[in-house]
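Visitor: Encoded as structure tokens, here's the structure I'll be asking about.
Just so you know, all these numbers are worked out from the coordinates, no wet-lab data involved. No experiment lies behind these values; they were computed from the predicted model shown. Heads up, the Cβs are rebuilt from the backbone with ideal geometry, glycines too, and the neighbour counts pull from every protein chain shown.
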């Protein structure tokens with residue numbers, strides 16, 4: 001099955017002015033731009049006339065080598081040359097009717113990943129690899145190879161069936177975790193042990209971003225939306241049958257190493 005086999009894309013079947021894009025950047029976090037509503041601005045400024053005479057753009061973000069994840073469709077309204085004469089500013093309008101597939105539709109781009117803009121009716125009618133469950137967040141990359149925003153954490157915790165691998169893996173371990181306030185750089189180091197492991201502890205943060213911590217509570221009392229700048233990761237994975245005292249010992253050592261008592265959000 002290819003893109004044009006999906007009912008949402010049927011409208012483009014007889015058009016030869018649709019371009020399929022696979023965005024990738026080493027300088028920008030493109031998913032953060034999506035969350036912040038800045039992706040369209042990013043897409044609309046190009047160093048050359050990459051959209052050509054396209055009337056529509058079907059946009060993806062690079063994923064797993066030769067794959068890409070769908071983010072939306074835009075109609076090209078106009079374009080103008082930059083004052084420097086090098087590059088273009090485009091004006092676009094996002095099209096309705098594609099929300100059901102956003103962040104869920106995965107296509108196989110093929111070997112020509114350097115060719116990130118392709119015409120739909122030549123090479124752009126990509127093979128569909130999968131359609132992810134609703135509210136799926138991301139693949140589980142391993143215990144030490146991820147950072148979750150608060151929004152991602154909450155969506156994951158609220159939808160365990162759509163994120164089964166995360167649920168299974170994080171429930172299977174005890175450990176020491178880190179919460180970072182990206183605005184201030186302040187760190188909170190905590191630990192999880194007992195039934196449900198890391199997943200169970202993080203479930204409490206999805207319900208209440210303070211997690212019962214008094215210094216985090218003080219921050220959110222003065223800046224109620226600051227939790228939206230929190231991110232979560234794991235510092236140390238421990239066996240689920242480890243004792244509470246052993247877990248707290250690992251936690252205390254990491255607090256000492258990282259200075260989270262003196263300069264962070266740990267009060268003890």
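Visitor: Going by how many other beta carbons lie within 10 Å of each one, how would you line up 19, 195, fewest first?
Guide: Ordered by Cβ neighbours within 10 Å, fewest first: 195, 19.
Visitor: If the elastic network links every pair of Cα atoms under 10 Å, which of 83, 160, 209 fluctuates the most in the Gaussian network model of the chain?
Guide: The residue with the greatest mean-square fluctuation here is 83.
Visitor: Also, quick follow-up: Using every alpha carbon pair in the stretch 148-258, what percent of pairs falls into each 5 Å bin from 0 up to the bin containing the largest distance?
Guide: Answer for the stretch 148-258: a P(r) of 2, 12, 22, 24, 20, 13, 5, 1 percent.
Visitor: Restricting things to Cα coordinates, could you compute the convex hull volume per residue of the stretch 78-174 in Å³?
Guide: Taking the convex hull of the Cα positions in the stretch 78-174, it is 201 Å³ per residue.
Visitor: Hey, another quick one. At a Förster radius of 45 Å, what calculated FRET efficiency corresponds to the Cβ-Cβ distance of residue 246 and residue 65, to the nearest 0.05?
Guide: Once the sixth-power term is evaluated, E becomes 0.70.
Visitor: While we're here: Once you keep just the Cα pairs under 8 angstrom separated by 6 or more residues, what percentage relative contact order results for the stretch 3-131? Provide the component values of the computation, followed by the final result.
Guide: Details: 223 pairs, mean separation 37.6, N = 129.
Across the stretch 3-131, relative contact order equals 29 percent.
Visitor: Could I ask something else about it? Nearest 10 degrees is fine. How inclined is helix 244-258 to the longest principal axis of the chain, computing both from alpha carbons?
Guide: 70
Visitor: Using the C-alpha gyration tensor of the chain, what are the square roots of 5 times its eigenvalues, in whole angstrom, with the largest one first? Please list the in-between numbers first.
Guide: On the way: eigenvalues 353, 92, 46 Å².
That gives 42, 21, 15 Å for the three semi-axes.
Visitor: Relative to 2.2 N^0.38 Å, what does the C-alpha radius of gyration of the stretch 1-66 come to as a ratio? Two decimals please.
Guide: Normalised Cα radius of gyration, the stretch 1-66: 1.24.
Visitor: What ranking do 108, 250 get, fewest neighbouring Cβ atoms within 10 angstrom at the top?
Guide: Working: 108 15, 250 18.
Ordered from fewest to most neighbouring Cβ atoms within 10 Å, 108, 250 come out as 108, 250.
Visitor: Can you give the convex hull volume of the alpha carbon atoms of the stretch 3-131 per residue, in Å³?
Guide: Dividing the Cα hull volume of the stretch 3-131 by its residues yields 111 Å³.
Visitor: What percent does the relative contact order of the chain come to when contacts are Cα pairs within less than 8 Å and at least six residues apart?
Guide: Details: 453 pairs, mean separation 41.7, N = 268.
Reported as a whole number, the value is 16 percent.
Visitor: How high is the relative contact order of the stretch 131-181, in percent, with contacts defined as C-alpha pairs under 8 Å that are six or more residues apart? Don't skip to the end; give the middle numbers.
Guide: Numbers: 25 pairs, mean separation 19.6, N = 51.
Relative contact order of the stretch 131-181: 38 percent.
Visitor: Further question on the same structure: If you find the alpha carbon centre of the stretch 65-123 and of the stretch 193-268, how far apart are they in angstrom?
Guide: 40
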